[in-house]
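Colleague: The structure under discussion is supplied below as C-alpha cells; questions concerning it will follow.
Quick note: the coordinates plus some simple rules give every number you see, no bench work behind them. Predicted model only: the values in this text are computed from it and were never measured. Cβ placement follows ideal geometry from the backbone for every residue including glycine, while neighbour counts extend to all protein chains displayed.
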Amino acid sequence: MTLLKLIMSGGFTIVVLVACSIISIAIIVERYIYYMSRSKVSRADFMRDIKKELTRGHVEDALEICKRHNTPFSNVVHSGLSFLGYSEKEISNNMERTIVVETNLLEQHTIIVGTIGSTAVYIGLFGTVLGIIRAFNDIAASATGGMNVVINGISEALICTAAGLCVAVPAVMAYNFFIKKIDNFISDMELCVSETMDIVTAKQK
C-alpha cells in the first residue's frame, strides 16, 4: 500500500495522527538542534576559565567568556557577575531568576511532544473502535456476510492501531530524552550558582 492508500483506508483518524506526527517531528528536530547548540562546552571547563579570570581580577574578561559560550549555565553566571558589587543575596537572587528564565526556554514546546506521545495511542484506539463499528455495520447491512463484507472496517482498525503506535513511541522516547537533557542543564546551572557564590564570597572577605 502507498502512503495515500493507507491514509484513505484509515479514515479521518489517520489524518489526525499524520498531523500529530508532523508536529512532533518538527518539535523534536528543533529542540534537538537547540539543546546541542547550547551544550558545546562542559560546565567544568567553563567554570575553570571563569575562576582563572576572576582570580586575576579580570571581571570583564569573565563576562566576555559567558557571552561567547551562550549556554544556560553561562547566562546564569553572567547574571551573577554583572551584579558584582551588590550584596550576596542580590547576586544569588538574580542568578536564581535567570535559572527560571533559562528553564522555561529549555522546556518550550516539550509539553506538546509529551502530550502527543501520551495521546496518540488513544487516538489510534479510537480509530480502531470506529473501524470495528464500521465492520459490524457492514455485516448488519449485508445479507450474505463473509470476509469481503468486513475487510474494509478491519483494515481501518488495524491501520489506526499501527499508526497510533508509530506516532506515540518516537514522541515518548524524545520526550524522555528532553526531560533528561533539561535536568542536566538545571543541575549544571545550580552547580554554577554554588561555585560562583563561593568565588564571590571569597573575594568579598
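Colleague: Need one number: convex hull volume per residue for the chain, Cα atoms only, in Å³.
Modeller: 110
Colleague: Using only Cα atoms, tell me the angle between helix 110-141 and the longest principal axis of the chain; keep it within 0 to 90° and round to the nearest 10.
Modeller: 0
Colleague: What's the FRET efficiency of THR201 with ALA19 using the Cβ-Cβ distance as r and R₀ = 41 Å, to the nearest 0.05?
Modeller: 0.15
Colleague: About the Cα centre of the stretch 3-204, what is the dipole size in debye to 20, counting +1 per Lys and Arg Cβ and -1 per Asp and Glu Cβ, all else neutral?
Modeller: 380
Colleague: Further, regarding this structure: Taking 45 Å as R0, compute the FRET efficiency from the Cβ-Cβ separation of HIS58 and GLU30 and round it to 0.05.
Modeller: Result of the calculation: an efficiency of 0.75.
Colleague: Stretched out fully, how many nm does the piece from PHE126 to TYR86 gain, at 0.36 nm a residue minus the Cα gap?
Modeller: Stretched out fully, the PHE126 to TYR86 stretch lengthens by 8.5 nm.
Colleague: So how strong a dipole does the stretch 1-110 carry about its Cα centre when Lys and Arg Cβ are +1 and Asp and Glu Cβ are -1, to the nearest 20 debye?
Modeller: 340
Colleague: ASP183 to ILE154: FRET efficiency via 1/(1 + (r/R0)^6), r the Cβ-Cβ distance, R0 45 Å, to the nearest 0.05?
Modeller: The formula returns an efficiency of 0.55 here.
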